[in-house]
Number of protein chains: 2
Amino acid sequence: MSNKGEVKFIGVVESSGELSRVKIFPEFCVGLEGLNNFSHITILYWFHLRDNEKERRTLRVVPRRHTRNVKVGVFACRSPSRPNPIGLCVAKLAKVEDCILTVKGLDALEGSPIIDIKPYIPRADSIPDAQVPEWTSRGPRT
Amino acid sequence: MSNKGEVKFIGVVESSGELSRVKIFPEFCVGLEGLNNFSHITILYWFHLRDNEKERRTLRVVPRRHTRNVKVGVFACRSPSRPNPIGLCVAKLAKVEDCILTVKGLDALEGSPIIDIKPYIPRADSIPDAQVPEWTSRGPRT
């Protein structure tokens, strides 16, 4: 088995803020057909500023929301420093216009490449009563 | 800007069923520290059987749950044929033992490489009332 794969960037975060603009590159734009029937989407993006050997070798971090100086594994928090610099964010889809998505609640920086968009489907994706440790309740959502 | 990135496989689905076994490779295992404090996780995996040019050029499909013969963009459904063969599944974490996760509800096939594990945090990830088109309510969850 191969030990790695290649991701193509399918778009980019053109602007970020309360509302963010995500541009899907023209050659992938047909893939958005029907997305406007969903109110929310999951956006997978690339932490491009962390795509270097040092950040990708990081396996434990102190989460910024942790009040104590406790290290946690990167797979047990949402650290952008991790073996694969993939960010995941559920966002409200405000508008789809041509190849531009306007979304609310995206935590990606301007310039972040997009690697996938998935429709948010509550019966698969929503677990309101999932249990979490106390430190995750502080600070920003992601 | 580069137009692609590299993902390293951090583990593999060793067995799949009602309970699935996910093995994280030893060199990444430290990254699991603290994961046992979460009841659910999001698993990003690689649709390895679809990692070829034809499947990755696919932009529209007929979702298997659709009752009519209607094509939908791959970013508006969970098709494994898509530009980046990344699968996303929220699963219940039954057990963490050494480098092995036992999870419930994982839809990945045996042999699928794992590319990331993220803790499921309801206040970021759970949108119980997200709107979806009617066809998504049929068949399996994902």
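Return the carbon/sulfur percentage of the accessible area of the protein assembly as shown, one whole number, probe 1.4 Å, all protein chains in place. Of the solvent-accessible surface of the protein assembly as shown, carbon and sulfur hold 49 percent. Measure up A:Lys54/A:Lys118; B:Lys4/B:Lys104; A:Lys54/A:Lys92; B:Lys54/B:Lys118; A:Lys118/B:Lys8 against 26 Å on the Cα-Cα distance and list the ones that go over. With Cα atoms farther than 26 Å apart: A:Lys54/A:Lys118; B:Lys4/B:Lys104; A:Lys54/A:Lys92; B:Lys54/B:Lys118.
Other chains near A:128-140: what is the mean number of their Cβ atoms within 10 Å of each residue's Cβ? The shielding value for this peptide is 5.
For the range A:1-67, give the magnitude of the charge dipole about the Cα centre (Cβ charges: +1 Lys/Arg, -1 Asp/Glu; no others), in debye to the nearest 20.
Result for the range A:1-67 is approximately 500 debye, rounded to the nearest 20.
What is the local net charge at A:Ser137, summed over the other residues whose Cβ is closer than 15 Å to its Cβ (Lys, Arg +1; Asp, Glu -1)? Here the charged neighbours net out to +4.
The value of relative contact order for chain B, using C-alpha pairs under 8 Å at least six residues apart, is 36 percent. Here's how it looks for A:Tyr120: its modeled amide H is under 5 Å from those of A:His40, A:Ile41, A:Thr42, which are all 5 or more places away or on a different chain. Note on the range B:43-142: with charges restricted to the Cβ of Lys and Arg (+1) and Asp and Glu (-1), its dipole about the Cα centre is near 540 debye.
In the context of the full set of protein chains, the range A:32-142 has a per residue accessible area of 42 Å² (1.4 Å probe).
Determine the total buried accessible area between chain A and chain B, counting protein heavy atoms only with a 1.4 Å probe; round to the nearest 100 Å².
About 6600 Å² of accessible surface is lost on pairing.
Along the axis of the charge dipole computed for chain B (Cβ charges of +1 for Lys and Arg, -1 for Asp and Glu, origin at the Cα centre), the listed residues B:Pro83, B:Val103, B:His48 are led at the positive end by B:Pro83.
Shape class for the range A:36-85: oblate, because the ratio a/c of the largest to smallest gyration tensor axis (alpha-carbon atoms, square roots of eigenvalues) is 1.5 or more and b/c is at least a/b. Evaluating 6.51 cos²θ - 1.76 cosθ + 1.60 at θ = phi - 60° for every residue in the range B:3-18, the Karplus couplings come out as 10, 7, x, 10, 10, 9, 7, 9, x, 7, 7, 7, 8, 10, x, 4 Hz, glycine and proline recorded as x.
Averaged over the residues of B:86-95, the number of partner chain Cβ atoms lying within 10 Å of the residue Cβ comes to 3.
Modelled this way, with points 7 Å down the Cα-to-C-beta line, the labels at B:Asp129 and B:Arg64 are 3.3 nm from one another.
What is the protein assembly as shown by shape, rounded, prolate or oblate, if you read a ≥ b ≥ c off the alpha carbon gyration tensor as root eigenvalues and call it rounded for a/c under 1.5, prolate for a/b larger than b/c, and oblate otherwise? Here the protein assembly as shown falls in the rounded category.
Just to be sure I understand the interface: list residues from the range A:20-37 that lose 30 Å² or more of accessible area between the chain on its own and the complete protein assembly, 1.4 Å probe. Relative to the lone chain, where solvent access is computed with a 1.4 Å probe, the range A:20-37 loses at least 30 Å² at A:Phe28, A:Val30, A:Gly31, A:Glu33, A:Asn37. About its Cα centre, the protein assembly as shown has a charge dipole of approximately 180 debye under the convention of +1 per Lys or Arg Cβ and -1 per Asp or Glu Cβ, with nothing else charged.
Sequence-ordered 3J(HN,Hα) estimates for the range B:112-120 from the Karplus curve with 6.51, -1.76 and 1.60 and θ = phi - 60° stand at 5, x, 9, 10, 6, 10, 10, x, 8 Hz, glycine and proline given as x. Counts of other chain beta carbons within 10 angstrom of each beta carbon in peptide A:42-53 average 2. Shown here: the range A:63-142, whose C-alpha atoms stretch 46, 30, 21 Å along the first, second and third principal axes, sorted largest to smallest. For the range B:1-126, the normalised intensity computed at q = 0.14, 0.15, 0.16, 0.22 Å⁻¹ comes to -0.68, -0.76, -0.85, -1.28 (log10 of I(q)/I(0), Debye sum over alpha carbons, equal scatterers, no solvent).
The values are calculated or read from the model by the stated rules, or taken from the named source; none is laboratory data. Keep in mind the model is a prediction, meaning the values are calculated, not measured. Quick reminder, even Gly has a Cβ in these numbers, built from the backbone with ideal geometry, and neighbours come from all protein chains shown. Note: accessible area is taken over every heavy atom of the protein model, side chains too, but ligands, DNA and RNA are not part of it. Shrake-Rupley method; radii C 1.70, N 1.55, O 1.52, S 1.80 Å.
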